[in-house]
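Please read the structure below before turning to the comments.
Each value in this text was obtained by applying a stated rule to the coordinates, not by laboratory testing. Please read these numbers as outputs of a predicted model, since none were measured by experiment. Quick reminder, even Gly has a Cβ in these numbers, built from the backbone with ideal geometry, and neighbours come from all protein chains shown.
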Amino acid sequence: MAFLKLDVVQTQRLRLTQSLRQSLDLLQIPALELEEILLQELEENPVLECDDVRDEGFESLDTVAKEEIEGTVSSKEEYTVEYESENTPTGDYDKKNVMEIVSQAETLQEHLLSQARMLSLPPDEMTMLEEMITSLDDNGFLPVSIEDLQKELGGDSSKIEKLMTIIHTLDPVGCGASTVTDSLRIQAQYFYPDDDLLQQIIKDYLPHIQRYEYDKVAKQLNISKDAVKQKAVLLTNLTPYPGAHFFTRKPLYVRPDIEVQLIGDEVVINLLDDWMPKLYINARYIEMLKQKKVDEKTREFIHDKVNAAKNLINNISRRNETLLLVAYAIMNRQKEFLQKGPGYLKPLIYADLESDLGFHESTIARAVANKYAQTRWGVFEFKYFFVKKIQSVHNDDTSSDTIMKRMKELINGESKQNPLSDEEILDILKAEGIRIARRTIAKYRDMLSIPASHIRKKLYLMKHEGDHESNNYRQKF
């Protein structure tokens, strides 16, 4: 296990080529799934070996991968990665005690891919469709722009739009959208294709429907309130987040991919890869390719297996390097969290890392997907570190994380007999220069698992009455 310091010298750009497709697939999958893939490759490819059976007849990962890496990564600018010895200071926690259990439930991506592979599409379009599906987030949304996807996949816009339409109509309908509104619009078009009024309400009046402002919608559209209510009922049949029920099937236990520490002012990242078998190519097969007595069929078989092994080793190296670069870029922007813990996240979006690293947002999304970081504050999913900036009169780095921290402080200090309503919390935050919507307060409160003010008051009174009865009982006896 090697610790590393990443000294950013220049920016490395990856271009999608045929040899990089496997790399991008490997980049997205979690550690436990990657281990299964490597073990399967070891079983199926006779030229591949791992370090527990290595002898002088094997070529190492570095030997076979060096030429491949140089040939497939276009480095307009590049990073320098320095490895330190295992004497580098570590945290106080025992990372060996981290357990890992993977849910065997079908993921959203697997569910969509199983349908896509039944379609009759040209091989190039099928490859592009698979890439697009694996780019979706857990809610079924596409976290990158169509333009970035087009740059990465190399297809023309009409082909991308055709494939996106296919994704929209797979089960669950509405995947591939960029927003909740877009997903609802797609679902409405699919299930109620002739209902133009429903489409208009989704496009222009969805917030009013969510607030039950049927009168206002009816007046603006010059229709009856009952007509609006009927469309609202239809909306309840649609799913704002089409992949949500898959998203709930996350594993209870995970294996962290990296360990991160803040030593002084320096971010130190350690790739937690002790579990990963160290792959080698049996050099005897390389020698067989040079022998004239080997028949053509055997030679072709060995040649294909050696190339497959080289590509796998090369792509594992590229995956690990990209993961480290992305992890370092994330943590370098979240130093205050590393120092102080939850509640101190800075605003961060994929576009920020695109600027730092020069990677496409889709590559960053893959590196972030299903990855976990071990910190002194616990294990966190990479996605946790991405938070949107909130408008503030102070023009500072106010994020959703800092607002939730402030809300928790306000609620902890409130009068238990007269708890703060969402409106009162909103007024306090506005007075402090933070401008957000009331519904955002409710959303953040739900994320903090804090009930509404009237429920908090009721819980307090129930507890108070229970304590009072308990005291009377003790006095009686």
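Computing FRET efficiency as 1/(1 + (r/R0)^6) for TRP377 and THR169, where r is the C-beta to C-beta distance and R0 is 41 Å, gives about 0.45.
When THR127, THR179, THR239 are ordered from fewest to most other Cβ atoms inside 10 Å of their Cβ, what list results? Don't skip to the end; give the middle numbers.
Numbers: THR127 15, THR179 11, THR239 18.
Listed from fewest to most nearby Cβ atoms, that is THR179, THR127, THR239.
Residues within the reach of a label modelled at HIS454 (point 7 angstrom out along Cα to beta-carbon, backbone nitrogen below 17 Å), restricted to segment 407-430, are 417-425. Computed from phi, the 3J(HN,Hα) profile of segment 208-220 under the Karplus parametrisation 6.51, -1.76, 1.60 (θ = phi - 60°) reads 5, 5, 5, 9, 6, 8, 5, 4, 5, 5, 4, 5, 5 Hz, with x in place of Gly and Pro. Here the 3J(HN,Hα) profile of segment 129-142, calculated from phi with Karplus coefficients 6.51, -1.76 and 1.60 at θ = phi - 60°, is 4, 5, 4, 5, 5, 6, 7, 5, 8, 5, 8, x, 8, 8 Hz, Gly and Pro shown as x. Residues ASP25, ASP204, arranged from fewest to most other Cβ atoms within 10 angstrom of their Cβ, appear as ASP204, ASP25. Each of LEU410 and ASN307 was given a label point 7 Å from its Cα along the Cα-to-Cβ line. The distance between the two points is 6.3 nm. Electrostatic tally near LEU221: other residues with Cβ closer than 14 Å to its Cβ, Lys and Arg +1, Asp and Glu -1, net 0.
Peptides 290-297, 438-445, 310-317: what's the order by average Cβ count within 10 Å, highest mean first? Could the numbers behind the result be given before it?
Values: 290-297: 8.2, 438-445: 16.2, 310-317: 22.4.
My ranking of the peptides, most packed first, is 310-317, 438-445, 290-297.
Put in line by how crowded their Cβ is, counting other Cβ atoms within 10 Å and starting with the fewest, TYR285, TYR192 read TYR192, TYR285.
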